[in-house]
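S.K.: One structure is given below, represented as structure tokens, and several questions about it will come after.
The values are calculated or read from the model by the stated rules, or taken from the named source; none is laboratory data. Just so it is clear, the structure is predicted and the values come from calculations on it, not from any experiment. Positions of Cβ are generated from backbone atoms using ideal geometry, with glycine treated the same way; all protein chains shown enter the neighbour counts.
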């Protein structure tokens, strides 16, 4: 099959004939000398939006190729030489070659009248293959965390266990600046809680990625792009915010970029302090042979105090106009302390209280993550042939210290026995080494483009957990709760992606092949024999295709198909037990299988504004987070990950923007879907689904004298997620903004979840067990934020910085 598909992708274009239009020219100084490394931008004449950006070569020349019909302008600038712009240029068809008169850059004191490029990006942009949330423009996002911004994004849900789903589908791949974050669940959520929204430029929601991306993430990709100034000289942004809910929150951050000559140095630092709470009420019932045998009525109170430090430092060096090398270092350090109190009333078989126990826990989570990326970009010629390469080295280190004290009482508050004292230490380390090379080849003879690439990654995880019983004044190792888990993984991949555009038609075909070798072993459970280890090897193909067609000026259609995989995260595979109280623990499952999905999407765009998407996907070996009774111990509940047989998803997404004059803009997104889950887990047969819809309305008002306002409303109807039946949720956020000092300063005041309605109620029912819970968090917060932009404002083209460890980093910890 592999021998057939790859040649077919090339053959699909060999009979197609087309030519490309181009605009070229030269940049000189006042003495008619060629200007090397000048920044040249191609913008649309109508709104000055950026189309492409290049650097001039040694002779001062530049070329923009593969241009569609339209009206353009060319703008050149260079530090110390000012800026120059061309007259309007029109392209009416194909095979047009336009050569412009030289653009002359003069000293700043003799500059021509500047061409000003200024435009306000909408808060939400809808494209064929993705939705873009421009966080930097959002008033209500200021001072929030990246996780809180995601909760308000169209079609995104963050559940009570910190799992992220997109349009009702779990298995989302999260990336930061194109690099996949190797975390999931609570670990990922805590990292996003430590990332200030003030440092985020935009968030891309990609529902059906091409074969160029790693095959991971069967529900799609969330790519968080951080701010970085693209201007000449020294530029930056300083941000600070303070928020008050039940507890205080604060953020401070700075991003700086310095570009001069062949060097571009950029970096940033952000500190975030968060204190918050979660209140969780749980009522659990246990059954034997269908007969009720007892229950727990529990009240949990969690208090969290966290300090997050994130830092980023990078350097680009332009060896020549065609070659750029770079290095980027990222660091993340967090210290999260959790104090929680659990009060559990024990009910007997007659539903009468008979005793109670109180558990107090003090837990400290320490995380130190670092990443180093070396990258190269080389343009082989002016026609668009290009080679890029990345080498990544990533480390994740974690250290947890846990102390639990449980006291047991009768109904008269008399102590029944000595307190149970449990102490736990977790030391873990994860390293990722990866390398990738990508190549782009224009096929000028047929007006197409070919992309190809290879990637290899090596992952090693070592986690050692020890629990000690200190109830009798000693320090006795609890071998049943302790474990030592080792994991190794090697993924080798290659892809081929080809695309072509006609006047009204665009086509993209791709194929990715991935070979996975993984093995794991529980060293502390060698008595289990073969059950303590696993060894897996498999090779899989991941095809993708996209067809777009413009019916007329009003209607556009797009169809995409893809096959993707969602490998278990390293946290989901880790069998360690994390105890919450004597009745509850959470653990990973080292024998989880990856889930595989086939996805289809039909997109219709009306007037380039109203977007409608019809979606279908079929997923096998669905990974679910399941609460169920421990089969070996009475009235003990375990939370772990299981594979369900299948999930069939049917979805309809509609995005409708409208405006009233120039002062009011509204973007409304509705997602209607039905997920059918089928299989048998924890001795329970599941064949369940429910029609569900989510609504997201984002409204902005432009007021007078630099004032503006924003209101965001979110509603999610009742939803079935595996065994979980979740009640409807709605919440409203709003804020105002004032711009000062020639728009260099932004002051924003906002309130999130203004009416404190973002609360979760849900029910789980399995054979032998049922649970109702009610969760409240510190979600109603008033925040005041300040942002100051400093430095020059001459724009320079940016370059891609996507490392090679994307898919692995999202599964870490």
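Residue-wise test of (1) under 30 Å from residue 419 (Cα atoms); (2) outside any strand (DSSP E or B); (3) touching a strand residue (DSSP E or B) at 6+ places or on another chain (Cβ under 6 Å).
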residue: 311; (1), (2), (3): no, no, yes
residue: 316; (1), (2), (3): no, no, yes
residue: 319; (1), (2), (3): no, no, no
residue: 327; (1), (2), (3): no, no, yes
residue: 334; (1), (2), (3): no, no, yes
residue: 343; (1), (2), (3): yes, no, yes
residue: 358; (1), (2), (3): yes, no, yes
residue: 384; (1), (2), (3): no, yes, yes
residue: 387; (1), (2), (3): no, no, yes
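S.K.: Report, by residue number, each residue of the range 597-620 that is crowded, with 19+ Cβ neighbours inside 10 Å and more than 30 Å from residue 659 (Cα to Cα). Lay out the reasoning, then the answer.
M.R.: Quick first cut of the range 597-620, residues crowded, with 19+ Cβ neighbours inside 10 Å only: 597, 599, 601, 603, 605, 611, 613, 615, 617, 619.
Within the range 597-620, 597, 599, 617, 619 meet the criteria.
S.K.: Tally up the residues in the range 362-386 that are crowded, with 16+ Cβ neighbours inside 10 Å and either touching a helix residue (DSSP H, G or I) at 6+ places or on another chain (Cβ under 7 Å) or over 20 Å from residue 333 (Cβ atoms) (or both), please.
M.R.: Result for the range 362-386: 7.
S.K.: If I filter the range 597-615 for residues that are closer than 30 Å to residue 427 by Cα and under 22 Å from the mean Cα position of the chain (by Cα), do I get at least one hit?
M.R.: Just the residues of the range 597-615 that are closer than 30 Å to residue 427 by Cα, to begin with: none.
The answer is no, given that none of the residues of the range 597-615 is closer than 30 Å to residue 427 by Cα and under 22 Å from the mean Cα position of the chain (by Cα).
S.K.: Let me ask something else. Tally time: how many residues in the range 64-79 are within 25 Å of residue 263 (Cβ to Cβ) and either surrounded by fewer than 20 Cβ atoms within 10 Å (Cβ to Cβ) or touching a residue at least 60 places away in the same chain (Cβ under 8 Å) (or both)?
M.R.: 3
S.K.: Evaluate the range 541-556: report whether one residue or more is over 29 Å from residue 648 (Cβ atoms) and surrounded by 20 or more Cβ atoms within 10 Å (Cβ to Cβ).
M.R.: no
S.K.: Just need a number here: residues in the range 755-767 that are crowded, with 18+ Cβ neighbours inside 10 Å and either in a loop (DSSP other than H, G, I, E, B) or free of Cβ contacts under 8 Å to residues at least 12 places away in the same chain (or both).
M.R.: Total meeting the criteria: 1.
S.K.: Does residue 692 fit the bill of being touching a helix residue (DSSP H, G or I) at 6+ places or on another chain (Cβ under 7 Å) and surrounded by 15 or more Cβ atoms within 10 Å (Cβ to Cβ)? So that I can check it myself, show each step before the final result.
M.R.: Working: touching a helix residue (DSSP H, G or I) at 6+ places or on another chain (Cβ under 7 Å): no; surrounded by 15 or more Cβ atoms within 10 Å (Cβ to Cβ): yes.
Taking the combined requirement at face value, the residue does not satisfy it.
S.K.: Related question: Taking residue 49 as the residue in question, decide whether it is surrounded by fewer than 15 Cβ atoms within 10 Å (Cβ to Cβ), at pLDDT below 85 and in the same structural domain as residue 81 (by TED's automatic domain parsing). Before you say what the answer is, go through the steps one by one.
M.R.: On the way: surrounded by fewer than 15 Cβ atoms within 10 Å (Cβ to Cβ): yes; at pLDDT below 85: yes; in the same structural domain as residue 81 (by TED's automatic domain parsing): yes.
Considered against the rule, which asks whether it is surrounded by fewer than 15 Cβ atoms within 10 Å (Cβ to Cβ), at pLDDT below 85 and in the same structural domain as residue 81 (by TED's automatic domain parsing), residue 49 comes out as yes.
S.K.: Can you tell me which residue is modelled with the lowest pLDDT among those in the range 688-730 that are outside any strand (DSSP E or B) and in contact with a strand residue (DSSP E or B) (Cβ under 8 Å, 6 or more places away or on another chain)?
M.R.: Ranking the qualifying residues of the range 688-730, first place goes to 706.
S.K.: Do we have residue 654 as touching a strand residue (DSSP E or B) at 6+ places or on another chain (Cβ under 8 Å) and surrounded by 20 or more Cβ atoms within 10 Å (Cβ to Cβ) here?
M.R.: On the way: touching a strand residue (DSSP E or B) at 6+ places or on another chain (Cβ under 8 Å): yes; surrounded by 20 or more Cβ atoms within 10 Å (Cβ to Cβ): no.
So residue 654 does not fit the description; no.
S.K.: Next question, about the same structure. Would you mind telling me which numbered condition in (1) over 28 Å from the mean Cα position of the chain (by Cα); (2) buried (at least 16 other Cβ atoms within 10 Å of the Cβ); (3) modelled with pLDDT of 90 or more residue 685 fails?
M.R.: The single condition residue 685 does not satisfy is (2).
S.K.: Kindly establish whether residue 37 is at pLDDT below 80, buried (at least 18 other Cβ atoms within 10 Å of the Cβ) and either not assigned by TED's automatic domain parsing to the domain that holds residue 379 or not in a strand (DSSP E or B) (or both). Full working, then the answer.
M.R.: Details: at pLDDT below 80: yes; buried (at least 18 other Cβ atoms within 10 Å of the Cβ): yes; either not assigned by TED's automatic domain parsing to the domain that holds residue 379 or not in a strand (DSSP E or B) (or both): yes.
Considered against the rule, which asks whether it is at pLDDT below 80, buried (at least 18 other Cβ atoms within 10 Å of the Cβ) and either not assigned by TED's automatic domain parsing to the domain that holds residue 379 or not in a strand (DSSP E or B) (or both), residue 37 comes out as yes.
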